[in-house]
1. Output the residues belonging to the stretch 44-61 that are within 21 Å of VAL176 (Cβ to Cβ) and out of contact with any Gly (no Cβ under 6 Å at 6 or more places or on another chain).
2. Mind checking whether some residue in the stretch 51-58 is out of contact with any strand residue (DSSP E or B) (no Cβ under 9 Å at 6 or more places or on another chain), part of a helix (DSSP H, G or I) and away from the ligand (no atom under 15 Å from the Cβ)?
3. Using the structure shown, decide if GLY24 is among the small types (Gly, Ala, Ser) and on the phi > 0 side of the Ramachandran plot.
4. Tell me, please, whether a residue that is within 12 Å of the ligand (Cβ to nearest atom), in contact with a helix residue (DSSP H, G or I) (Cβ under 6 Å, 6 or more places away or on another chain), at pLDDT 95 or above and outside any helix (DSSP H, G or I) can be found in the stretch 67-83.
5. Please state which one of ALA214, ALA145, ALA182 is closer than 14 Å to GLN20 by Cα, without any contact (Cβ under 8 Å) to a residue 60 or more places away in the chain and surrounded by 15 or more Cβ atoms within 10 Å (Cβ to Cβ).
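The values are calculated or read from the model by the stated rules, or taken from the named source; none is laboratory data. It should be emphasised that the depicted structure is a prediction, and the values quoted were computed from it without experimental measurement. Cβ placement follows ideal geometry from the backbone for every residue including glycine, while neighbour counts extend to all protein chains displayed.
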Amino acid sequence: MGLAAGYSPCVKLRLHTRYQNSAGQRVRIVLNLKRLPYEYVAIPSLSSEAYRKLNPQGLMPALEVDRRVVAQSMAIIELLEELFPEPSILPDDPILRAEARSFAQLIAADLHPINNNRIRRYLADVLGADEPQVRAWYHHWVRQAFSSLEAQLAQQPAQLRYCFGDRPGLADACLVPQMDNARRFDCDLSQYPRLLEIDTECRKLEEFAKAAPAMQPDYPGAWATVRKRLDGGTVGQGSANPGIITGNEPRRPP
Ligand SMILES: N[C@@H](CCC(=O)N[C@@H](CS)C(=O)NCC(=O)O)C(=O)O
């Protein structure tokens, strides 16, 4: 698959995101899996007027592709797959591909939208829910979603290293940030052994490790220490800033 007419073959990618932006983390993982260099543009404030001009919905992430802006993580990921089909983030088999998309959509379309920050803020600030109630809301929807995801994986005929294959892909890129979020909210994950196994496998990979919140340039903690522990690979080499990946030359889409 080639690049759509009118685009330069050396596409410049700028990702507008924030360290804790889990939808953005999905995109960062996919960019890393595809070995695509990109510029990390940290959004300092959600109410930033400048960002709203770029993405009127005001949610993160947004990807600038040769100065045009695409919002919505799943649309961005689809675009990356179309522009840079190799290595693919989808399984070869069409049914498995659909299953991987279905797994990813359960997270991106059903779970994440009802548990994210603006929903929790609305529950607390407008509807008057207290902290335990907001937490109960969060845990309830994680339980519902994660038990379905666990069951979906249990239906696979063979146990694979990652969600839908022996190489990580779309489903894994959606799962890992959601596991991070669930841990941040103290969800009990012990009932999801497959999700935990896959999460552990993914975290061993540099592509996932470098997309993690603590590795981003706007992370308020001492990311340099974390980076030191994980560094030594190829993604991001040459950059003092783990969010700005400069190690790979811009790739020409085939
Ligand atoms: N469906 C959107 C969701 C984007 C989204 O909700 N992003 C969150 C951060 S993960 C955000 O910008 N939240 C702002 C807020 O909650 O106020 C996508 O997949 O890109």
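1. Of all residues in the stretch 44-61, those within 21 Å of VAL176 (Cβ to Cβ) come to 59-61.
Matches in the stretch 44-61: LEU59 only.
2. Initially, the stretch 51-58 is screened for residues out of contact with any strand residue (DSSP E or B) (no Cβ under 9 Å at 6 or more places or on another chain), giving 52-53, 58.
Of the ones still in play, those that are also part of a helix (DSSP H, G or I) are 52-53.
Checking the rest, the ones that are also away from the ligand (no atom under 15 Å from the Cβ) come to 53.
For the stretch 51-58, residues out of contact with any strand residue (DSSP E or B) (no Cβ under 9 Å at 6 or more places or on another chain), part of a helix (DSSP H, G or I) and away from the ligand (no atom under 15 Å from the Cβ): present.
3. Taking the combined requirement at face value, the residue does not satisfy it.
4. Within the stretch 67-83, the first condition is being within 12 Å of the ligand (Cβ to nearest atom), and the residues that meet it are 70-78.
Now restrict to residues that are in contact with a helix residue (DSSP H, G or I) (Cβ under 6 Å, 6 or more places away or on another chain): 70, 73-74, 76-77.
After this cut, where a residue has to be at pLDDT 95 or above as well, the list is 70, 73-74, 76-77.
With outside any helix (DSSP H, G or I) added as a condition, the list becomes 70.
Yes: one or more hits.
5. Details: ALA214 fails: without any contact (Cβ under 8 Å) to a residue 60 or more places away in the chain; ALA145 fails: closer than 14 Å to GLN20 by Cα.
Just one listed residue meets the conditions, ALA182.
Yes/no per residue for (1) farther than 16 Å from GLN72 by Cα; (2) within 16 Å of the ligand (Cβ to nearest atom):
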site	(1), (2)
GLU99	yes, no
ALA104	no, yes
ILE107	no, yes
PRO113	no, yes
ILE119	yes, yes
ALA124	yes, yes
GLY128	yes, no
GLN133	yes, no
ALA136	yes, no
